[in-house]
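**Q** The structure under discussion is supplied below as structure tokens; questions concerning it will follow.
The values are calculated or read from the model by the stated rules, or taken from the named source; none is laboratory data. This structure is a prediction, so every number in the text was calculated from the model and none was measured. No Cβ is skipped: glycine too gets one built from the backbone with ideal geometry, and neighbour counts run over all protein chains shown. In case anyone asks, the SASA skips ligands and DNA or RNA and just uses the protein heavy atoms, side chains included. Shrake-Rupley method; radii C 1.70, N 1.55, O 1.52, S 1.80 Å.
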Amino acid sequence: MANRETKVGVRERDLLYKFMISHIVSHVLSIVFSQLFYDGHQNLAINLSTAAKVTDACPPSDRLLNLVSNALKSEEADNPSVSGDAIHPGSGIDLDFETERTGSSVQTSQYETVYVTSHKGPCRAGAFSPDGQLVATGSVDASIKILDVERMIAKGCPGSDIQEASGQTDTHPVIRTLYDHMEEVSCVQFHPTELLLVSGSHDMTVKLYDYAKPSVKRALKSIQEAHIVRCLAFHPSGDYLLVGTQHPTLRLYDVNTAQCFVSAIPSDQHSGPITQVNYSPNASLYVTSSKDGDIRLWDGVSNRCINIFPRAHDGYEISSVVFSRNAKYVLSSGKDSLVKLWELSMSRCLIAYTGAGASGKQTHRAQACFNHTEDYVLFPDEKSTSLCCWDSRNAERQQLLSLGHNNAIRQFCHSLTQPAFLTCSDDYRARFWYRRPDNVNLP
């Protein structure tokens, strides 16, 4: 009798465990599928939920993203060796939780030029290093300059804490000048982790420089392309490099071997020259824009195009695309003088920032970007050579800032770490702008 009761008890426990496991698995899968729906992968979510026989409703939700973000923050708090510079999935502008600016970042109208460098030809390329300590500029004269940010600030802000800390009041900000291209330098970007700089040119080459060497002038490595190189983007690991050219086909290069990869599906590609490419901070996605007027979203692992925003700016050429820090949004600008914020989970334009470009269509491409806190959206106006600024959350126009150039601004970028930005112009000059500390006065 006792043996029979024991068998019944074991059978009941087995049924209970199976029910618990089934319920837990179903709940976890529901969270995963909800995240897929939220991120815009509807077809994948439907196919997986059908295969897994999950019958529970899976409404779009970013609960999984929040759980992972909180886990990473908890891990960093428990383990001091985890880098505090890492960008967590939940950081950046998030309109699901906030619609009003809560940060303390200053408006760009309070920025000032603290340093100007000149080339021998129009300056059309520029970039900040990921840590914000260096900038690079490229010119039609085929030269590249690398400048030290602290030295520029020290020169432009006498008596500042940075100058006192460096103790180098007479040190020239230009720390490297590179000559290895034969024609216009069209794009530059710093390696995410190493002291390397990559550049693309109208001479149809991509060149990699090791600027750790003080005497460097020539490239460490060169990749020959078949068309004019228009844009570049390092994978966040630094192991791969996306290259956009005058040809519609996007290239992916292994930085170490220079091996080239392209998508096996011809329909994935643009139908016009590629104007901009940008990786999301976690490398799960990258985005491209083109003269064909489309924005394409790509899977960072399979390198397949997973979404298209056709005629994103009413058919006008797309000038720039950039991810928000949390990779929920893409900020784009077009030759229609509009800046748009796209919500990837719903595949829609969430906000249009208007008021720039009184003359309508632009002649040259102009880049839109966030400031370092993502409280503001910035865009240089071609007609007035002034900087337009909007509250990123409600599109409220802010005060204009005259950029002081005598010709069209061809490159604009903001530091990821501090209130500073760079403008490059056809007047041969690149201007470094900085928000002076309140306790520093002009000489």
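**Q** For Tyr316, only one of the following conditions fails: (1) within 19 Å of the chain's Cα centre (by Cα); (2) of a type in the set (Ser, Thr, Tyr); (3) more than 22 Å from Arg393 (Cβ to Cβ). What is its number?
**A** Unmet condition: (1).
**Q** Looking only at residues in region 351-363 that are loosely packed, with under 14 Cβ neighbours inside 10 Å and touching a residue at least 40 places away in the same chain (Cβ under 8 Å), which one is nearest to the chain's Cα centre (by Cα)? Before the answer, list the steps.
**A** In the first step, residues of region 351-363 are kept if they are loosely packed, with under 14 Cβ neighbours inside 10 Å; the result is 352, 358-361, 363.
Now drop any that are not touching a residue at least 40 places away in the same chain (Cβ under 8 Å), which leaves 352, 361, 363.
Numbers: Ala352: 19, Lys361: 25, Thr363: 24 Å.
Top of the filtered list is Ala352.
**Q** Which residue pairs have Cβ atoms closer than 9 Å, lie 6 or more positions apart in sequence or on different chains, and pair a first residue in region 188-207 that is within 17 Å of Gln133 (Cα to Cα) and of a type in the set (Asp, Glu) with a second residue that is part of a loop (DSSP other than H, G, I, E, B) and open to solvent by less than 10 Å² (accessible area, probe 1.4 Å)?
**A** Pairs that qualify, where the first residue is within 17 Å of Gln133 (Cα to Cα) and of a type in the set (Asp, Glu) and the partner is part of a loop (DSSP other than H, G, I, E, B) and open to solvent by less than 10 Å² (accessible area, probe 1.4 Å), are Glu194/Gly238.
**Q** Within the set of pairs 6 or more residues apart or between chains, which connect a residue that is under 25 Å from Trp342 (Cβ atoms) and part of a loop (DSSP other than H, G, I, E, B) inside region 23-47 to a residue that is aliphatic (A, V, I, L, M) and open to solvent by 40 Å² or more (accessible area, probe 1.4 Å) with Cβ atoms less than 8 Å apart?
**A** Going by the 8 Å Cβ cut-off, the qualifying pairs are Gly40/Ile306; Gly40/Met346; His41/Ile306.
**Q** Could you please give the count of residues in region 372-412 that are of a type in the set (A, V, I, L, M, F, W, C) and crowded, with 22+ Cβ neighbours inside 10 Å?
**A** The first filter runs over region 372-412 and keeps only residues of a type in the set (A, V, I, L, M, F, W, C), leaving 377-379, 387-390, 395, 400-401, 403, 408-409, 412.
Going one step further and asking which of them are crowded, with 22+ Cβ neighbours inside 10 Å, we end up with 377-379, 387-390, 409, 412.
Matching residues across region 372-412 total 9.
**Q** For region 153-163, name all the residues that are open to solvent by less than 10 Å² (accessible area, probe 1.4 Å) and either of a type in the set (S, T, N, Q) or modelled with pLDDT of 95 or more (or both).
**A** Ser160
**Q** Given (1) part of a loop (DSSP other than H, G, I, E, B); (2) at pLDDT 95 or above; (3) within 23 Å of Ile223 (Cα to Cα), identify the lone condition not met by Tyr253.
**A** Status for Tyr253: all satisfied but (1).
**Q** Working only within region 295-343, note down all residues that are of a type in the set (A, V, I, L, M, F, W, C), assigned to a loop (DSSP other than H, G, I, E, B) and surrounded by fewer than 21 Cβ atoms within 10 Å (Cβ to Cβ). Don't jump to the end; show me each part of the working.
**A** Taking region 295-343 as the starting set, the residues that turn out to be of a type in the set (A, V, I, L, M, F, W, C) are 295, 297-298, 301, 305-306, 308-309, 312, 318, 321-323, 327, 330-331, 338-339, 341-342.
Checking the rest, the ones that are also assigned to a loop (DSSP other than H, G, I, E, B) come to 301, 312, 327, 338.
Val301, the sole residue that qualifies.
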